[in-house]
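Q: Submitted below is the structure of interest, expressed as structure tokens.
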Amino acid sequence: MNEYLDKIVAKNLVKNYELKEKQGFFRPKKRRTVHAVKDISVEIPKGKITGLLGINGAGKTTTIRMLSSIIVPTSGTLTMDGVDAVANHLWVKERINVISGGERNLYWRLTAVENLQYFGSLYGVSGSVLDERIRGLLEIVGLTEAADTPVERYSKGMKQRLQIARGLINDPEYIFLDEPTLGLDIVIAKEIRALVMELAAKHHKGVLLTTHYISEAEELCDYIYVLDKGAMIAEGTKEDLKDLLGYERKVVSQIKEPDLEETLMYLINHSRGEHA
Amino acid sequence: MVRVIGATYKKNRIGIIRAMPWSFIVSRVVTGVTQIVFPFFIYHYFLAGNLNADFGVYTGGADYITYIVLGAALNVLAVSTLMNVGRALITELREGTLEVLLLSPASRTGYFLGCLGEQTMRALLEFGTVLAVGGIFGADLRQTFTLQFVLVILLAILGFFCMGLSLSAVMLEARDTYITQNTLFFLMSLTCGIAFPIQYLPQWVQSFAQIFPLTPAVELFRRVMIHGQGIGENVELLAQLLILSVIYAVIGIVWFRRKERILIERIFG
């Protein structure tokens, strides 16, 4: 039982979607099964940053949606701190939050404070606890001065920072970060990366990070899973992953140590049977 | 749940005030007033006050203008409640906030009650405006503001709210508001006895009309307002309204709770 405590454990997760495709006006719809995620196993321990890497369509977002109990896996098991997360999805939802990149997931006509008050209430946080938390979060994400400005007047970076505050409003034990620095300038992205590191190291939260930016994964992640076309093609620390490529490179020549981006592309091409 | 109701009420209220959608209110009031004005002119200038004898039989001798005004006012209340509650989730989807709402453990019923609470004041404003205009056109509204009047309105809102819960799931499933709501509202205004007694319709249409809470609600409303009857004297209408409310609430809440994640898959999958 202990092996399941203080972590989210997903074993052999599969997600298939049934698609209905129109064939014509009077013809019956054609059914097609899409295998979005194929038999993956993931662990997200508290106090660590776990990376989920892959190119577009790799199955990262579907995996996050399963892990955060928004959608149900077709098969496989999912536990949080040893509790069946599929059967007890409301219990899970109290203890997690998702922060996505982009400008959605906020009410643009509301101010930052009003947004956070609303989302806090959805998680049962209220009164002085909520007020205090909002004040603290706005300070962390640097939006104290814009606290009473409607979100529609925010820049993209400000909205993203407010998203992070929203994702922390219920003080979650596990946080899923889906491309959190997407489209942000380097200064804000750096601030957000520092915050993510602090969440894991200082506040002992389990963090799952998906990102397109390899350097971000390299900087932040303690352990990395690589997805391609819904399947897990590699996993390990960044050193483990580099070794996969590094060993073969060294056989051919001793040119240079591979970086993680090179490693990722090698792994994807290798899994697809293509030449790196 | 109370916290979720309050938070949703506040969130929607602030959003509505800042967006100032007066056009929505004006549009529904104009529709309701039109439903009075056209029959008024036809009745006075085309029919010269003459009605088929069946009308008196079907309505218990009600005067036509009062009959029309009460129907139009309750129809406005029904459309307003159904539209605001029914569109709640799909509006969240369009604004990009549905995923975070469903990610939270918040009571879904509390969320809908918050939406209902916020919209009821506006819906009653529209309802009251249509009644007031109807009064100018000569409707007999002496029973307004009696306890029975208030109770009927509360029962009607309950019925419309419960139907709105189901409608919300349907709209989300179909990812459509326009066709769904307009088809429904057209069917309701045609079959529920808004502008004429449903006895004029074929028997199968009359039977079909019984699935809408508006049918018993408008009949009960007229009996209270025109004939001064109490709700207790109309147990069959009360029972029908409550049974329909329960059925729609079960479909809306239980079905949605069970199917929520499947529904979400279809949206985000």
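Q: If you take the charge dipole of chain B about its Cα centre, with +1 on Lys and Arg Cβ and -1 on Asp and Glu Cβ, which of B:ALA209, B:LEU242, B:ILE226 is farthest toward its positive end?
A: Positive-most Cα among the choices belongs to B:LEU242.
Q: By DSSP, what percent of the beta bridges with both residues in chain A are antiparallel, rounded to the nearest 5?
A: Values: 25 of 45 bridges.
Once the DSSP bridges in chain A are tallied, antiparallel ones form about 55 percent.
Q: Can you tell me the relative contact order of region A:2-230? Whole percent, Cα pairs under 8 Å, sequence separation 6 or more.
A: Numbers: 436 pairs, mean separation 69.6, N = 229.
Taking the mean separation of contacting Cα pairs over the length of region A:2-230, I get 30 percent.
Q: To continue, here is another question. Can you pull the Kirkwood radius for region B:65-216, inverse mean 1/r over Cα pairs, to one decimal in Å?
A: On the way: mean 1/r = 0.0606 Å⁻¹.
Every distinct Cα pair counted, the radius reaches 16.5 Å.
Q: What number, in nm² with one decimal, is the all-direction average of the projected area of the convex hull of the alpha-carbon atoms of chain B? Each step should come with its number before you reach the end.
A: On the way: hull surface 58.8 nm².
Orientation-averaged projected area of the Cα hull: 14.7 nm².
Q: Rounding to the nearest 10 and keeping the result within 0 to 90°, find how far the Cα-based axis of helix A:238-252 lies from the longest principal axis of chain A.
A: 30 degrees
Q: For the protein assembly as shown, build the charge dipole from Cβ charges (+1 Lys, Arg; -1 Asp, Glu) around the Cα centre, then report which of A:GLY120, B:ILE194, A:GLY54 sits farthest towards its positive end.
A: Value: B:ILE194.
Q: Regarding region B:65-148, what's the average projected area of the Cα-atom convex hull, expressed in nm²? Provide the component values of the computation, followed by the final result.
A: On the way: hull surface 26.6 nm².
Quarter of the Cα hull surface area: 6.6 nm².
Q: How large is log10 I(q)/I(0) at q = 0.16, 0.18, 0.20, 0.22 Å⁻¹ when the Debye formula is applied to the Cα atoms of region B:166-269, each weighted equally and without solvent?
A: With no solvent term, the Cα-only Debye profile gives -0.82, -0.96, -1.07, -1.17.
Q: On a straight-distance basis, which lysines could pair with A:LYS29 in a cross-link, Cα separation under 18 angstrom, same-chain partners fewer than 8 positions away excluded?
A: The qualifying lysines are A:LYS20.
Q: Then there is this: Dipole size in debye (nearest 20) for region B:113-222 around its Cα centre, Lys and Arg Cβ +1, Asp and Glu Cβ -1?
A: Working: 4 positive and 6 negative charges, 27 e Å.
It works out to roughly 140 debye.
Q: Any aspartates and glutamates with Cα under 17 Å of the A:LYS159 Cα? List them, leaving off those in the same chain fewer than 8 positions away.
A: Straight-line reach from A:LYS159, under 17 Å: A:GLU103, A:GLU114, A:GLU139, A:GLU145, A:ASP148, A:ASP178, A:GLU179, A:ASP185, A:GLU191, B:GLU95, B:GLU99.
Q: Could you tell me the calculated FRET efficiency between A:LEU5 and B:TYR200, based on Cβ-Cβ distance and R0 = 51 angstrom, to the nearest 0.05?
A: Working from the Cβ atoms, E equals 0.15.
Q: Using only Cα atoms, find the angle between the long axis of helix B:235-249 and the longest principal axis of chain B, and express it within 0 to 90 degrees, rounded to the nearest 10.
A: 20 degrees
Q: Another one. For chain A, just run the numbers: alpha carbon Rg, then divide by 2.2 N^0.38 Å, N being how many residues it has. Each step should come with its number before you reach the end.
A: Working: Rg = 20.3 Å, N = 276, 2.2 N^0.38 = 18.6 Å.
Rg over 2.2 N^0.38 Å, computed on Cα atoms: 1.09.
Q: Write down Rg/Rh for region A:174-241, rounded to two decimals, with Rg from the C-alpha atoms and Rh from the Kirkwood relation over Cα pairs.
A: Working: Rg = 12.3 Å, Rh = 12.7 Å.
With Rg and the Kirkwood Rh in hand, the quotient comes to 0.96.
Q: Here's another thing I want to ask about it. How big is region A:5-123 along each principal axis, measuring the range of its Cα positions in Å and listing the largest first?
A: 51, 41, 29
Q: Order these by the 10 Å Cβ neighbour count, fewest first: B:SER80, A:SER100, A:SER128, A:SER41. Intermediate values should be presented prior to the final figure.
A: Numbers: B:SER80 25, A:SER100 22, A:SER128 7, A:SER41 14.
The order, fewest Cβ neighbours first, is A:SER128, A:SER41, A:SER100, B:SER80.
Q: A follow-up question, please. Projected onto the charge dipole of region A:164-231 (+1 at Lys/Arg Cβ, -1 at Asp/Glu Cβ, origin at the Cα centre), which of A:CYS221, A:VAL207, A:ALA165 gives the Cα projection farthest towards the positive end?
A: Going by the Cα projections, it comes out as A:ALA165.
Q: So, one more: Which ordering of A:LYS156, A:LYS7 is given by a fewest-first count of other beta-carbon atoms within 10 Å? Walk me through the intermediate numbers first.
A: On the way: A:LYS156 15, A:LYS7 20.
Listing A:LYS156, A:LYS7 from fewest to most nearby Cβ atoms yields A:LYS156, A:LYS7.
Q: Tell me, A:LYS46, A:LYS159 in order of fewest to most beta-carbon neighbours within 10 Å? Provide the component values of the computation, followed by the final result.
A: Working: A:LYS46 17, A:LYS159 20.
Taking fewest neighbouring Cβ atoms as first place, the list is A:LYS46, A:LYS159.
Q: So how tilted is helix B:108-136 from the main axis of chain B? Cα-based, degrees 0 to 90, rounded to 10.
A: For B:108-136 against chain B, the angle is about 20 degrees.
Q: Then there's this: About the Cα centre, and with charges only on the beta carbon of Lys, Arg (+1) and Asp, Glu (-1), how big is the dipole of the protein assembly as shown? Nearest 20 debye, please.
A: Numbers: 56 positive and 54 negative charges, 210 e Å.
I would put it at about 1000 debye.
Q: I need the P(r) histogram for the protein assembly as shown: all alpha carbon pairs, bin width 20 Å from 0 out to the longest distance, whole percents.
A: It works out to 19, 43, 26, 10, 2, 0, in whole percents.
Q: What number does region B:152-200 give for Rg over Rh if you use C-alpha atoms and the Kirkwood radius? Show your work: numbers first, answer last.
A: Numbers: Rg = 12.7 Å, Rh = 12.1 Å.
Using only Cα positions, Rg/Rh for region B:152-200 is 1.05.
Q: A follow-up question, please. Show me, for region A:76-92, the HN-Hα J-couplings you get by feeding each phi into the Karplus relation (A = 6.51, B = -1.76, C = 1.60, θ = phi - 60°), rounded to Hz, glycine and proline as x.
A: x, 10, 9, 10, 10, 6, x, 9, 4, 7, 6, 6, 10, 5, 6, 4, 5
Q: Here is a follow-up. Give the Debye-formula value of log10 I(q)/I(0) at each listed q (0.27 Å⁻¹), with one equal scatterer per alpha carbon of region A:111-189, two decimals each.
A: Calculated log10 I(q)/I(0) at the listed q: -1.38.
Q: To the nearest 20 Debye, how big is the dipole of region B:2-268 about its Cα centre, given +1 on the beta carbon of each Lys and Arg and -1 on that of each Asp and Glu?
A: Working: 19 positive and 15 negative charges, 184 e Å.
Using Cβ point charges on Lys, Arg, Asp and Glu, region B:2-268 gives about 880 debye.
Q: Follow-up. Do any of A:LYS205/A:LYS238; A:LYS38/B:LYS11; A:LYS60/A:LYS190 go past 31 Å between their Cα atoms, and which?
A: Checking Cα-Cα distances, A:LYS38/B:LYS11 exceed 31 Å.
Q: I would also like to ask the following. Output the antiparallel fraction of DSSP beta bridges having both residues in region A:1-70, as a percent to the nearest 5. Can you show the working numbers first?
A: On the way: 12 of 12 bridges.
Here the share of antiparallel DSSP bridges comes out near 100 percent.
Where a number appears in this text, it was derived from the coordinates with a stated rule and is not lab data. All figures in this text were calculated on a predicted structure; none of them were measured in a lab. Virtual Cβ from ideal backbone geometry, glycine too; neighbours counted across all protein chains shown.
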